[in-house]
1. Scan segment 122-171 residue by residue and report those that are surrounded by fewer than 17 Cβ atoms within 10 Å (Cβ to Cβ) and touching an Asp or Glu at 6+ places or on another chain (Cβ under 8 Å).
2. Output the number of the condition that residue 118 fails; it satisfies all remaining conditions of (1) small (Gly, Ala, Ser); (2) under 22 Å from residue 62 (Cβ atoms); (3) in contact with a His (Cβ under 6 Å, 6 or more places away or on another chain).
3. When the residues of segment 121-135 are narrowed to those that are part of a helix (DSSP H, G or I) and among the acidic types (Asp, Glu), which ends up farthest from residue 190 (Cα to Cα)?
4. Of the residues 169, 155, only one is in contact (Cβ under 8 Å) with a residue 12 or more places away in the chain, under 24 Å from residue 57 (Cα atoms) and of a type in the set (Gly, Ala, Ser); which?
5. From the list 192, 169, which residue is over 17 Å from residue 77 (Cβ atoms) and assigned by TED's automatic domain parsing to the domain that holds residue 101?
6. Anything in segment 31-53 that is among the hydrophobic types (A, V, I, L, M, F, W, C) and either over 18 Å from residue 67 (Cβ atoms) or surrounded by fewer than 13 Cβ atoms within 10 Å (Cβ to Cβ) (or both)? List them, or say none.
7. If a residue counts only when it is among the basic types (Lys, Arg) and under 19 Å from the mean Cα position of the chain (by Cα), which helices (runs of 4 or more DSSP H) contained entirely in segment 136-218 have at least 1 such residues?
8. For a quick check of your reading of the model, give me the residue pairs whose first member lies in segment 191-212 and is farther than 17 Å from residue 170 by Cβ, whose second is outside any helix (DSSP H, G or I), with beta-carbon atoms closer than 8 Å and at least 6 apart or on different chains.
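The values are calculated or read from the model by the stated rules, or taken from the named source; none is laboratory data. Small disclaimer: the values here were computed from a predicted structure and weren't measured. FYI the Cβ positions are ideal-geometry reconstructions off the backbone, even for glycines, and counts take in every protein chain you see.
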Amino acid sequence: MSPLEYATRPPKADDVYEKLKHLIVTLQLAPGSAVNEQELIRQLTVGRTPFREAMLRLSHEGLIVRAPRRGSWVSDLSITELQQLIDARCFVEPLVTRRAAERIAEPEADKLMRIVDAGEHAVRQHDVETLVWHDLQFHSCVAQLSDNQYFAAFSKKIDTTLLRYWYVSFLHGGDFSDSFAHHQLLADAIASGDPDLAEERAREHVEIFRARIRNLVS
């Protein structure tokens, strides 16, 4: 079962959040579509309170738009937003990665390598949903290694908003093995404790995604 698929625990707000995010990221709730609260509560067999708490959290992350007397809808995808996200990531990712390389210890390096291995397995299986999850997990791990809660929070905000774009690029962008092969290079640079190399690899990684998107929309 994909890590993005539904959990089997009691439907508290965190569980409802994950269920809704799965539907949004995999485009089962289409960009720009209205959210039918009653239908989704019935479909997910959850309560109204945890559902609304989850919706509020998703709105803070930019995946849901809410407006008084107009209801809620899934935020649109746009080239302008994507370009801004990539530019922001190009600024944040190298700095976060550099700090991670300066602070990396063996247990954290092992964890990073396990995530890379899991992602490569998903590549071989052509499992796009799991691939998106491991991409997020990898970059979240790097951000946490920066040991700066504000860098980590900013990085998480960018990456969460990028999830649907990652999904579309993996689903329709052809061979995605290059992106995950570069995860290995990036992880090796961080694990080596070489901040300059790690920063360089991070810049390369963002540009690989930029080129992938450019090819997809051209």
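1. Matches in segment 122-171: 140, 157.
2. (2)
3. As a first pass, look at segment 121-135 and keep what is part of a helix (DSSP H, G or I): 121-125, 128-135.
Okay, now just the ones that are also among the acidic types (Asp, Glu), so 129, 135.
Values: 129: 26, 135: 16 Å.
Within segment 121-135, the match that is farthest from residue 190 (Cα to Cα) is 129.
4. Details: 169 fails: under 24 Å from residue 57 (Cα atoms).
When all the criteria are applied, what remains is 155.
5. On the way: 169 fails: over 17 Å from residue 77 (Cβ atoms).
The match here is 192.
6. Within segment 31-53, the first condition is being among the hydrophobic types (A, V, I, L, M, F, W, C), and the residues that meet it are 34-35, 40-41, 44, 46, 51.
34, 41, 44, 46 - these are the residues of segment 31-53 that are among the hydrophobic types (A, V, I, L, M, F, W, C) and either over 18 Å from residue 67 (Cβ atoms) or surrounded by fewer than 13 Cβ atoms within 10 Å (Cβ to Cβ) (or both).
7. Numbers: elements: 149-172, 177-191, 195-217.
In segment 136-218, the matching helices (runs of 4 or more DSSP H) lie at 149-172, 195-217.
8. Note: pairs meeting the criteria are 191/104; 193/104; 198/192.
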